[in-house]
Structures are given as structure tokens and as C-alpha cells.
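Worksheet for the structure shown next.
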Amino acid sequence: MQTCSTKGAFRRAPVGSCRRRIPTVRVKAAVNVEQLKALREELFNYINSRGCNPIIVRLGWHDSGTYDKNIAEWPACGGATGSIRFKPEIDHAANKGLAIALGILAPIKKKYPDVSYADLFQMASAVAVEAAGGPKIPMRYGRKDASGPEQCAPDGRLPGAAHPFADGSVSPAEHLRRVFYRMGLEDRDIVVLSGGHTLGRARPERSGFGEHSTKYTAVGPGASTASPSGSPDRPVTPKPVGQLGSSWTVNWLEFDNSYFREIKSKRDAELLVLPTDACIFEDEAFRPYAEKYAADQEAFFADYQVSHAKLSELGVEWEEGAPVTL
Ligand code: HEM
């Protein structure tokens with residue numbers, strides 16, 4: 001068959017009709033389930049092989065954690081809108097270091113153009129938890145993206161970890177309640193989501209917290225183990241460069257309830273306890289949840305699934321036909 005010589009995407013025209021070029025419009029499915037499924041599979045392997053689970057979880061949380069339930073307009077309300085990809089927001093002090101996570105996901109995003117950034121960030125975070133041995137989060141997809149830098153969330157909506165708190169709170173517990181209640185979340189969510197710190201590290205060069213390195217970060221998670229997760233069936237992380245930071249847990253690429261056990265016992269000065277971590281055992285209303293999760297990993301996982309799914313949908317405006325599950 002003879003075809004028109006064209007630039008870009010054009011339909012084949014019948015022979016002899018090359019002057020009438022008929023442009024094809026690439027119809028973007030509102031929610032491309034096939035791409036979402038393929039992306040999910042690719043993320044699983046990619047995140048685990050790089051051992052970047054913690055920073056990816058933090059990226060998802062910092063995108064959605066800007067939500068303000070008191071603002072009706074979207075996307076001014078903030079939340080899981082993908083707006084963290086734009087310069088004004090990624091440059092917020094609370095997001096220091098997270099440009100690395102955007103860079104990690106950038107080559108993957110190119111392969112799945114129909115998937116929104118908001119879906120990508122939330123999917124990657126849920127996958128990162130599961131791939132580290134955590135629970136499967138009941139995720140839904142079809143989030144709309146904020147479309148430009150002017151739609152970024154204002155600075156100051158994410159929580160601080162220690163005094164002085166920008167909102168004038170006198171205690172870490174008061175501060176956490178102000179921030180998480182503004183998102184429409186409650187005490188149980190605050191405590192169980194703090195368990196996200198079972199993964200990862202804090203570095204002086206990013207948040208200002210943590211040591212330059214500890215015995216758990218200098219040689220990889222699990223101190224003397226060769227595997228990043230402390231489990232032999234997961235690959236070894238390439239040795240990171242720069243400041244290695246302090247972790248909250250020994251095996252900081254393993255998602256389990258050790259965060260609650262370590263915060264409760266404060267047994268090891270080489271493990272990090274931020275004031276906002278400590279308060280989950282100090283505040284009377286937080287403590288029962290923290291005790292429960294320290295004693296019972298299944299209970300932690302069951303509640304974590306629910307709260308993480310809520311977090312992933314804060315402020316979301318859905319595409320037509322969404323939300324979808326995979
Ligand atoms: C409760 C209020 C919270 C505060 C004050 C807080 C504070 C912090 C700080 C200071 C860091 C260190 C960042 C760095 O130096 O690179 C950090 C890291 C981290 N946070 Fe939180 N966070 C909170 C809640 C959460 C939640 C809800 C999650 C997820 C469910 C989460 C997941 C993480 C992870 C995975 C890291 C490690 C990142 C890495 O290793 O690169 N955090 N957080």
C-alpha cells in the first residue's frame with residue numbers, strides 16, 4: 001500500500017489522496033489500566049533492586065501530606081496531585097533530598113505517559129512498602145495531576161519534627177494533631193503512619209536530623225548483614241555515598257513493626273528517635289496504638305494498610321471513570 005510521507009502521526013490515506021492529510025488524534029484513555037498494571041510490575045522490581053524504598057515512600061507522603069480539608073477548591077487544597085514535581089514545591093525545606101526520588105522515577109514515567117504523576121508517586125510508595133515486606137495497600141488509581149507550578153501547595157503544610165514548631169505548638173503531639181487533623185486524619189492514623197519510619201534514614205544534610213553515620217548505616221542495614229533488608233532473599237543495595245545518616249531501625253529496608261519496639265525501648269543510642277516519634281508513647285491518646293503496634297505486627301499492618309490508602313487519596317480529584325483498582 002502506498003502511504004503519504006508525513007511527519008508526526010497521520011492516518012494512512014488512500015492512494016492518490018496525499019494532499020488531504022488526515023491527522024489522527026491520539027485519544028488518551030481517561031485511565032489506562034494496562035499501563036498502570038505494567039508500571040506496577042516494573043516499579044516492584046526497580047525499587048527493590050535499587051533499595052530506594054524509603055525515599056520513594058517519603059516522596060508519596062510529602063505529595064499527599066499537603067492536603068488541607070478546609071479548602072474546597074482543587075488543587076488549592078493540596079494533597080496527592082503530583083504538584084511536588086514542580087520546582088516551587090520540591091524546593092520547600094521539608095522536601096530537601098526528594099529531588100533524588102523524582103530523578104529515580106523520571107525514566108520510568110517516560111515509559112508510561114498515560115499514568116498521572118499523582119498516581120505514579122502514590123503507586124511507587126505503596127509498592128515500596130510492599131516490596132520491603134510490608135502490607136499490600138488497597139490502592140485506587142485515576143488521580144488528576146496539578147498542571148503547573150502555580151498549582152503547587154504553599155510551603156509549611158508538612159510537619160516539623162522538633163521545637164520550635166512553625167505553627168506555635170508547644171508539644172510534638174499538639175503539632176502532629178494540628179497537621180494531621182487538617183488533613184482530615186485522626187490519632188490512629190498519626191501513630192500508625194509514623195511507622196513509616198521503620199524504613200530509611202535522616203541525614204544532617206537534608207533534614208538536619210541524624211548523625212553523619214551510625215553502625216547501622218555505615219555498612220548497610222542490619223549492621224553486619226550483607227543484605228539491605230537483613231533478609232537473604234533481597235538484593236544488596238549499592239553502597240550509598242555522602243552522609244549516611246541515622247536510621248530508626250536496624251534493618252531499615254525491612255518494613256516491620258521494629259520502629260515501635262525501638263521507640264518504646266530507646267535501647268540503642270545509635271538509633272534515631274525524633275521528638276515527634278517519642279511522643280507516640282508519651283501522649284495518652286497515642287500510646288495505646290503505639291503499644292499495640294509494638295506488641296503485634298499483624299495489627300500494625302492491618303491498620304497501616306487502611307491509613308496509607310487514606311493518605312494516598314487526600315485531596316484527590318479523580319479522572320472520569322475513576323477510581324479504578326488493578
Ligand atoms: C509524623 C510526622 C513526621 C515527621 C515529623 C517526619 C519527619 C521526617 C524526617 C525529619 C525525616 C528525615 C529526612 C532526611 O533527613 O532525609 C523523615 C524521613 C522519612 N520519613 Fe518521615 N516524618 C513524619 C511522618 C512520616 C510519614 C507519615 C511517613 C510515611 C508513611 C514517613 C516516611 C518517611 C521515610 C520513609 C523517611 C526516610 C527517607 C529516606 O531514607 O530517604 N514519615 N521523616
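Past 29 Å, Cα to Cα, is the threshold; run 264/310; 136/292; 109/292 against it and keep the listed order. Intermediate results must be reported in sequence, preceding the final value.
Numbers: 264/310 26 Å; 136/292 20 Å; 109/292 39 Å.
Over 29 Å Cα-Cα: 109/292.
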Quiz item: Given +1 on the Cβ of Lys and Arg, -1 on the Cβ of Asp and Glu, and no further charges, what dipole in debye does segment 33-156 carry about its Cα centre, rounded to the nearest 20?
Solution: 340
Exercise. Go through segment 302-315 residue by residue and turn each phi into a ³J(HN,Hα) via Karplus (6.51, -1.76, 1.60, θ = phi - 60°); whole Hz please, and just put x for glycine and proline.
Key: 4, 6, 4, 3, 5, 5, 5, 4, 4, 4, 6, 10, 4, x
Quiz item: What list of ³J(HN,Hα) couplings, whole Hz, do you get for segment 286-292 from phi and the Karplus terms 6.51, -1.76, 1.60, once you set θ to phi - 60° and write x for glycine and proline?
Solution: 6, 4, x, 5, 4, 4, 4
Practice problem: Given the peptides 65-77, 303-315, 248-260, arrange them by the average over their residues of other C-beta atoms within 10 Å, most packed first. | Solution: 248-260, 303-315, 65-77
Practice problem: Give the cross-link partners of residue 215 among the aspartates and glutamates, using a straight C-alpha distance below 14 Å as the criterion and excluding same-chain residues fewer than 8 apart. | Solution: 268, 270
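Each reported figure results from applying straightforward, stated rules to the coordinates on display, with no laboratory input. As the structure is a computational prediction, the values presented were derived from the model and not from experiment. Please note: Cβ atoms are built from the backbone with ideal geometry, for glycine as well, and neighbour counts cover all protein chains shown.
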